[in-house]
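Data first, discussion second: the structure below is written as structure tokens.
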Amino acid sequence: MRHGETEANVQSVLLGRADSPFTEAGWLQPVEVARHLDGSGLDRVYVSPMARTQRTADLVLETLGRTIPIETVEELAEIDAGEFTGLTFQQVYERLPSDAVLGHFRYPGGESWQEVQIRAVEFVLGLEGRHAQDSILLVTHAGVIAGLVAAYVGEPIEKYIRTRFGHDYLGCLTIESGVFRGYDRVTGTVDTWF
């Protein structure tokens, strides 16, 4: 699940590890998505360390009337955009080297989308050993979701990093024997950033 919309999202700002307040829609989106989880038998929630994912998880559980463990994990964090944090996407593209491959480009002082994908995939696949029969909700970011979906379909992150998983997005990944066996978009917008 992606976090609710923030003011920085509306302004097309690369937020990275910084945070931004929710928009009015950002407060409503987790409530709407939670309705798709009603009756799901949710056992556990993992969230990224960013406040926007924490707020989203709290709203989902409040909507469901559930009290279950929420664990914050670094592996689900947004990309560390380093010196590019706070720039608009237009400014980011103006500063990218002309030969940059977006998935492999390491933000100065930060990380690459490929590094985000590697840490997220390793974490998510490792959940099977700890929660084999559990239903788990991950509250994270569009780039992390793109990395997970790319791993499922066996494509490089470059093919999915421009995919916009909306703030109303909820997907379902199935893991079996240490590999992704299934993926479904449950609800929400999926289109292209630019």
From V139, V186, which residue is aliphatic (A, V, I, L, M), in a strand (DSSP E or B) and in contact with a Cys (Cβ under 7 Å, 6 or more places away or on another chain)? V186
Given the conditions (1) more than 13 Å from the chain's Cα centre (by Cα); (2) buried (at least 17 other Cβ atoms within 10 Å of the Cβ); (3) among the small types (G, A, S); (4) modelled with pLDDT of 90 or more, which single one is not true for G103? (4)
Take region 31-84 and flag every residue that is free of Cβ contacts under 8 Å to residues at least 24 places away in the same chain and either of a type in the set (V, I, T) or on the phi > 0 side of the Ramachandran plot (or both). G39, G65, T67
Take E111 and tell me if it is within 17 Å of the chain's Cα centre (by Cα), in a loop (DSSP other than H, G, I, E, B) and under 20 Å from T72 (Cβ atoms). yes
Quick one: which residue in R119, R181, R185, R162 is free of Cβ contacts under 8 Å to residues at least 12 places away in the same chain and not hydroxyl-bearing (S, T, Y)? R181
Within region 1-30, tally of residues that are assigned to a loop (DSSP other than H, G, I, E, B) and either farther than 12 Å from A51 by Cα or in contact (Cβ under 8 Å) with a residue 24 or more places away in the chain (or both): 14
Count, please, the residues in region 3-28 that happen to be touching a His at 6+ places or on another chain (Cβ under 6 Å) and closer than 16 Å to V92 by Cα. 0
Please find, among E94, E71, E83, the residue that is among the charged types (D, E, K, R), under 25 Å from L59 (Cα atoms) and surrounded by fewer than 15 Cβ atoms within 10 Å (Cβ to Cβ). E71
Considering only region 32-45, I want to know if a residue exists there that is within 17 Å of the chain's Cα centre (by Cα) and closer than 20 Å to Q114 by Cα. no
When residues of region 47-83 are limited to those that are of a type in the set (D, E, K, R) and assigned to a helix (DSSP H, G or I), the one farthest from V144 (Cα to Cα): E62
So, in region 112-128, how many residues would count as being polar (S, T, N, Q) and closer than 17 Å to V153 by Cα? 2
Any hit, region 155-170, residues being exposed (fewer than 12 other Cβ atoms within 10 Å of the Cβ) and of a type in the set (D, E, K, R): yes
Has region 171-194 got any residue that is crowded, with 18+ Cβ neighbours inside 10 Å, touching a Lys or Arg at 6+ places or on another chain (Cβ under 7 Å) and hydroxyl-bearing (S, T, Y)? no
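The values are calculated or read from the model by the stated rules, or taken from the named source; none is laboratory data. These numbers were taken from a predicted model, which means no experiment stands behind them. Cβ coordinates were reconstructed from backbone atoms using ideal geometry, including for glycine residues, and neighbour counts include every protein chain displayed.
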